[in-house]
Amino acid sequence: MAVKLYPRNLAGQLAILLAAALFVAQAINFGLLLGERRQGRLDQITGPIAARIVDVINAPPNERQREPDIQQERLDRGRTAILRDNPITAGMQRRMEIEDALKHNLAEVGIRPAQVLTGIRKIPANDPRFAHMNRFRAERLRNAGSELLIAVEQPGRGWVSTSVPWQTMDGFIVWRLIAQTLILYGVILLPVLWIGRRISQPLRTLARAARSFRPGDDSQAVREEGPQDVRAVTSAFNALRTNVTGMLDEKDRMLGAIGHDLRTPLAALRVRIESVDDEDDRAKMADTIDEMNRTLDDILSLARLGRPSEAATEVDLAALVDAVVEDFRDLGSPVEFVEADRLPIRIRPSLMRRAVRNLIENAVKYGGEADVSLAATATEAAITVADRGPGIPEARIGEVFEPFTRLEGSRNKETGGIGLGLALARAIVREARGEIVLANRPDGGLAATITLPR
């Protein structure tokens, strides 16, 4: 599995982007500097060497005619000499750019040699030639560690050869780049990290406030701090939270007025039906009014769920479920509960009772009976309500949680309500940071499981 190492915070992202940009800039600078150094070294080597070779080639014959061993001694001491044999051996590393530059320089003064060869030769620290050299040249060779031999062949006149110290590594340029990069990082990255943290800290505070915001929350407004743009975002969030709270307050007042206005005529109808002589008609009317009251309660409860008036308290979940089951038993409903140990949990008890009651009502209505059980782990508590009814088609399990959704479309109140029971139960459970899941049982029936964090 791939692991993303990209940091989430703003300061870290700014630091990485800036560090990458500085590294690329320093790499380009290093390439340009290395190219300029190599070109400068090429010019510094080829110009003086070409002048030496021209001087030797154009020297009077009596000065050129030297014994080979004497000339070799001059070469060993770092001077230009004329040799009988090629001093460049097969194992030496050649520098083609220097050979091409020397050919060009010699051609400009009218000298066209048969060959121009170069080779790099290592110099040990105890090389005996240092005893015959001047102190300055010997020190240069020791520091360089190598020397570059140049041999120019003149047809019929032997080889004109010379040598210069050769620095094989550009180590000081690399260390120079590293030092510059560290200085830039210290001068630029540290202030950027400080600025990034100054920006990201109020943003993290704002993010925490947004995640923890709940309707009716009386917490203080988020403190406006940081740069102007961040303060503007924080101010907008505070204003939005105030507006949302005001809209929810207005909604609650409106729902209260609607509930009062609807319950008043329903109560009046309840009184009026007492004057109906036909007992069957009077019973049907009373049932209709009761159904309308239950429907109105469900609608108002679902609409008000985001701002519950009940505070969360620690209760015994086993006792709560057992009390709901006993209510159904008192009404003669076939509901069984497997006794469980005490299970303290922090919830809104009235709302959770309603969620469990809705599940049991569905089980009894569609499955004829309900089996309720309670299980717990170190982190979760699960309430399972199982029945032996027809179950729900797998493709439609997700639909039944939508408000006003019924699998049976006849709208007959005997085969179901208005489709708010499961929607209200899921809203209550999710408000408690839990989840509700429906699953068909292998031996028939449906199991509804409420899972709550402990």
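The values are calculated or read from the model by the stated rules, or taken from the named source; none is laboratory data. Only a predicted model underlies this, so the values are computations on that prediction, with no experimental measurement involved. Using ideal geometry, Cβ is built from the backbone for each residue, glycine included, and neighbour counts are taken over all protein chains shown. Calculation scope for accessible area: heavy atoms of the full protein, side chains included, ligands and nucleic acids excluded. Shrake-Rupley method; radii C 1.70, N 1.55, O 1.52, S 1.80 Å.
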Computed P(r) (all Cα pairs; segment 180-281; 10 Å bins; percent): 12, 23, 16, 14, 11, 9, 6, 4, 2, 1, 0
Gained length - Lys122 relative to Arg197, 0.36 nm times residue gap less alpha-carbon distance: 21.6 nm
List Ser373, Ser275, Ser161, ordered by accessible area with a 1.4 Å probe, largest first: Ser275, Ser373, Ser161
Solvent-free Debye scattering, log10 I(q)/I(0), computed from the Cα coordinates of segment 175-215 at q = 0.21, 0.22 Å⁻¹: -0.69, -0.72
Residue-span extension gain [Asn293 to Asp100] - 0.36 nm each, minus C-alpha spacing: 59.2 nm
Förster radius 51 Å - calculated FRET efficiency between Asp229 and Thr264, Cβ distance, rounded to 0.05: 0.45
Stokes-Einstein D for segment 225-357, Kirkwood Rh over Cα pairs, 20 °C, 1.002 mPa s (µm²/s): 111 µm²/s
For segment 433-441, Karplus couplings with θ = phi - 60° (6.51, -1.76, 1.60), whole Hz, Gly/Pro x: 6, x, 8, 10, 10, 10, 8, 6, 7
Amide proton proximity set for Ala381, modelled H, under 5 Å, gap of 5+: Leu452, Arg454
5 angstrom amide H check on Leu446, placed H, neighbours 5+ away: Asp387, Arg388, Gly389, Gly391, Arg441
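What order do Thr451, Thr288 take when sorted by accessible area (1.4 Å probe), most exposed first?
Thr288, Thr451
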Whole-Å semi-axes of segment 213-268's equivalent ellipsoid (Cα gyration tensor): 39, 9, 5
For segment 184-197, Karplus couplings with θ = phi - 60° (6.51, -1.76, 1.60), whole Hz, Gly/Pro x: 5, 4, x, 7, 9, 5, 4, x, 5, 4, 5, 5, x, 5
Relative contact order for segment 186-245, counting Cα pairs under 8 Å that sit 6 or more residues apart, in percent: 32 percent
Net charge contributed by nearby residues that have their C-beta within less than 12 Å of Pro191 (K/R +1, D/E -1): +2
